[in-house]
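Here is the structure we will look at, set down as structure tokens.
Coordinate-derived values only; no laboratory data. Quick caveat: nothing in here was measured; it's all calculated off a predicted structure. Cβ atoms come from the backbone with ideal geometry, glycine included; neighbour counts cover every protein chain shown.
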Amino acid sequence: MNIPTRKGKSIWRLIPILMGIAALTVFVSTLKTPPMHVSAHSGNIFSTACGVAAIDGNVNPAEWSSASTQTFQMVSPGGAPPFTATLYVMNSGNDLYLGIAINDDEFSTYGEFLPAGDGFRIDFDNDHSGALFALHDDVLGIFAGAPQFEDSYIVGNPVSSSSAPDVNGGGTSDGAGAASRVGDLNHFELKHPLCSGDSLDYCLHPSDTIGFRLEYLDAQGDGSFGSSQFFPGQEDTSEADIVISPCSLPDFLVYLPLLMK
């Protein structure tokens, strides 16, 4: 039975038309409002920067003048006072270079639980998945005490962030690092191959993006452990990004001061 309208048409005949209008409205709405993408990355991006530096523990502004640079607060989840750090990032045709200056009040070469004293642990998200601590993710260490550089990888045992030196897992130690006290700051420099050929290292190419997190391990002047400070955060999804430059500079073209006779 038809239900008449004022114009004598059936409401039932209008239903397909109304459904079509509704579907078109939803389609247009999705065009106007793009889908939301969820990202674990902090938005701190160190963009492409081409350069080389001498790894001598002194973050010389002349050597790092072409680097992508940010100054930020490194915060302790335990409530210890934050540190202010400046990170310099660049790459040559072969290596990734990182330079860090941090306002620690002493340069400690030994500490309880920290036999090499003050230092940075740098965790990488090799496949840029948005989460750290996947098995075999690259971990670099740079310390005030000896040895000043360590090339490690995630082993995931006894906890997910546990790491071990590459040489313990059949790999090789690739790169170099040095640290020193410069004025009232601690300086740390390191380099690591973009693609060493070691399966326990990342392998990066021009325009690739890799996630990373910094952890500063603070040893006190009396040899005790102080605190850990993080950038950009302490979670395993707290990551900043490095974009690799299409740089062809060879690594032997390091900065040399002008010698005046």
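Just a few scattered comments:
- For a label point 7 Å along the Cα-to-beta-carbon line of residue 106, residues of region 203-220 with backbone N under 16 Å: 217-220
- For residue 45 and residue 184, the difference between the fully extended length at 0.36 nm per residue and the C-alpha to C-alpha distance is 47.3 nm.
- When 46, 72, 188, 120 are arranged by Cβ crowding within 10 Å, least crowded first, meaning fewest neighbours, the order is 72, 46, 120, 188.
- Vicinal HN-Hα couplings computed from phi for region 115-128 (Karplus, 6.51 cos²θ - 1.76 cosθ + 1.60; Hz; Gly/Pro x): x, 9, x, 4, x, 10, 9, 10, 9, 10, 9, 3, 9, 6
- Simple spin-label estimate for residue 172 and residue 84 in nanometres, 7 Å along Cα-Cβ: 4.2 nm
- Calculated on the alpha-carbon coordinates, the convex hull of region 152-223 measures out at 149 cubic angstrom per residue.
- Calculated Rg and Dmax of region 41-243 using C-alpha coordinates, Å: 15.5, 45
- Order of 181, 213, 121 - criterion: other Cβ atoms within 10 Å of each residue's Cβ, fewest first: 181, 121, 213
- With θ taken as phi - 60° and the Karplus curve 6.51 cos²θ - 1.76 cosθ + 1.60 applied, the whole-hertz 3J(HN,Hα) list for region 217-227 is 9, 9, 8, 7, x, 8, x, 8, 7, x, 6 Hz, x standing for glycine and proline.
- With both labels modelled 7 Å from their Cα along Cα-to-Cβ, the residue 203 to residue 66 distance reads 2.6 nm.
- As a proxy for reagent exposure, 59, 155 were ordered by neighbouring Cβ count within 10 angstrom, fewest first; the result is 155, 59.
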